[in-house]
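Encoded as structure tokens, the structure appears first; notes follow it.
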Amino acid sequence: GEDVEQSLFLSVREGDSSVINCTYTDSSSTYLYWYKQEPGAGLQLLTYIFSNMDMKQDQRLTVLLNKKDKHLSLRIADTQTGDSAIYFCAESMDSSYKLIFGSGTRLLVRP
Amino acid sequence: EPEVTQTPSHQVTQMGQEVILRCVPISNHLYFYWYRQILGQKVEFLVSFYNNEISEKSEIFDDQFSVERPDGSNFTLKIRSTKLEDSAMYFCASSGTGGTEAFFGQGTRLTVV
């Protein structure tokens, strides 16, 4: 069945780059998303990539998609303390409206 | 910037009571969703709604749950006869097109005691 997996925790120093990884199982994924959740807050859509793309860049964010390996990554350049949050990877399929979420990666940015 | 708004932010209810969670989606969006996140667990899809009817629902969305769009702006989730295990954060989302760019509200934390 559909499954999305992420590592649970990442700690980086302020100013360094962060790379958050995600793997998914369903090859019919159409869109892949990154959402950010700050403590006590909702899910903020950061960016998404269509499955026929390899890369998408948006300011400090770079999304890389390896469709062969079903691997998605989010790179945050010049990570700031305000980037500390939980980052969720999610996928959707053409045949369905729902999003399948990973467990989330907690990013801690150390000053 | 348009946003999805949810009320209340926190609801405490007694087991067995009915609750209605309310959402105002982004005004020109056509697709509406409810998700839930039990503490420490994944965000789970409950239901999607389009053209005044349910388009998809998960196994979680049983007869205890119902959704409604009572007017042109609100989208509600009703949970009948709440159970302790219904305690979770419930998120409403909307999108302009199905399956893409879903924008989420801040969530309603439901606590069943």
Among residues of the range B:62-73 being touching a strand residue (DSSP E or B) at 6+ places or on another chain (Cβ under 6 Å) and farther than 15 Å from residue B:19 by Cα, the residue nearest to the other protein chains (Cβ to nearest Cβ) is B:69
Of (1) in contact (Cβ under 8 Å) with a residue 24 or more places away in the chain; (2) within 14 Å of chain A (Cβ to nearest Cβ); (3) open to solvent by less than 30 Å² (accessible area, probe 1.4 Å), residue B:79 satisfies every one except (2)
Picked from the range B:3-41 (must be buried (at least 18 other Cβ atoms within 10 Å of the Cβ) and at the interface with chain A (Cβ under 9 Å from one of its Cβ atoms)), the residue farthest from residue B:90 (Cα to Cα) is B:31
Expected output for the range A:37-66 (first residue farther than 21 Å from residue A:15 by Cα, partner open to solvent by 90 Å² or more (accessible area, probe 1.4 Å), Cβ below 6 Å, 6+ apart or cross-chain) is A:42/B:106; A:65/A:54
If we ask which residues in the range A:16-30 are within 14 Å of another protein chain (Cβ to nearest Cβ), under 11 Å from residue A:69 (Cβ atoms) and of a type in the set (S, T, N, Q), their number turns out to be 0
Within the range B:30-57, of all residues that are aliphatic (A, V, I, L, M) and part of a strand (DSSP E or B), the one farthest from residue A:4 (Cα to Cα) is B:54
- Does residue B:111 satisfy being open to solvent by 20 Å² or more (accessible area, probe 1.4 Å) and closer than 24 Å to residue A:34 by Cβ? no
Listed by first then second residue, the pairs whose first member lies in the range B:9-30 and is among the polar types (S, T, N, Q), whose partner is open to solvent by 100 Å² or more (accessible area, probe 1.4 Å), with beta carbons under 8 Å and at least 6 positions apart or on separate chains, are B:9/B:106
| message | Would you confirm whether or not the range B:13-30 contains a residue that is at positive phi and out of contact with any Leu (no Cβ under 7 Å at 6 or more places or on another chain)? | response | yes
Inset, instruction - Inspect the range A:92-99 for any residue being modelled with pLDDT of 95 or more and hydroxyl-bearing (Ser, Thr, Tyr) and give the result as yes or no. - result: no
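Mind counting the residues in the range B:62-107 that are in a loop (DSSP other than H, G, I, E, B) and β-branched (Val, Ile, Thr)? Full working, then the answer.
Keep residues of the range B:62-107 that are in a loop (DSSP other than H, G, I, E, B), which gives B:62-64, B:69-74, B:80-83, B:87, B:96-102, B:105-107.
Then keep just the ones that are β-branched (Val, Ile, Thr); that gives B:82, B:97, B:100.
Summing the residues that are in a loop (DSSP other than H, G, I, E, B) and β-branched (Val, Ile, Thr) in the range B:62-107 gives 3.
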Output for Cβ contacts, cut-off 7 Å, separation at least six or different chains, first residue closer than 16 Å to residue B:41 by Cβ in the range A:1-12, second assigned to a loop (DSSP other than H, G, I, E, B) and at pLDDT 90 or above, reads A:4/A:102; A:5/A:102; A:6/A:102; A:6/A:103; A:6/A:104; A:8/A:103
Contact list, first residue from the range A:89-111 and on the phi > 0 side of the Ramachandran plot and at the interface with another protein chain (Cβ under 8 Å from one of its Cβ atoms), second anywhere and assigned to a strand (DSSP E or B) and open to solvent by less than 10 Å² (accessible area, probe 1.4 Å), beta-carbon distance below 6 Å, six or more apart or interchain, is A:104/A:88
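The values are calculated or read from the model by the stated rules, or taken from the named source; none is laboratory data. The structure displayed is predicted, hence computed values, not measured ones. Cβ coordinates were reconstructed from backbone atoms using ideal geometry, including for glycine residues, and neighbour counts include every protein chain displayed. For the accessible areas, the whole protein counts, side chains as well, though only heavy atoms, and no ligand, DNA or RNA atoms are used. Shrake-Rupley method; radii C 1.70, N 1.55, O 1.52, S 1.80 Å.
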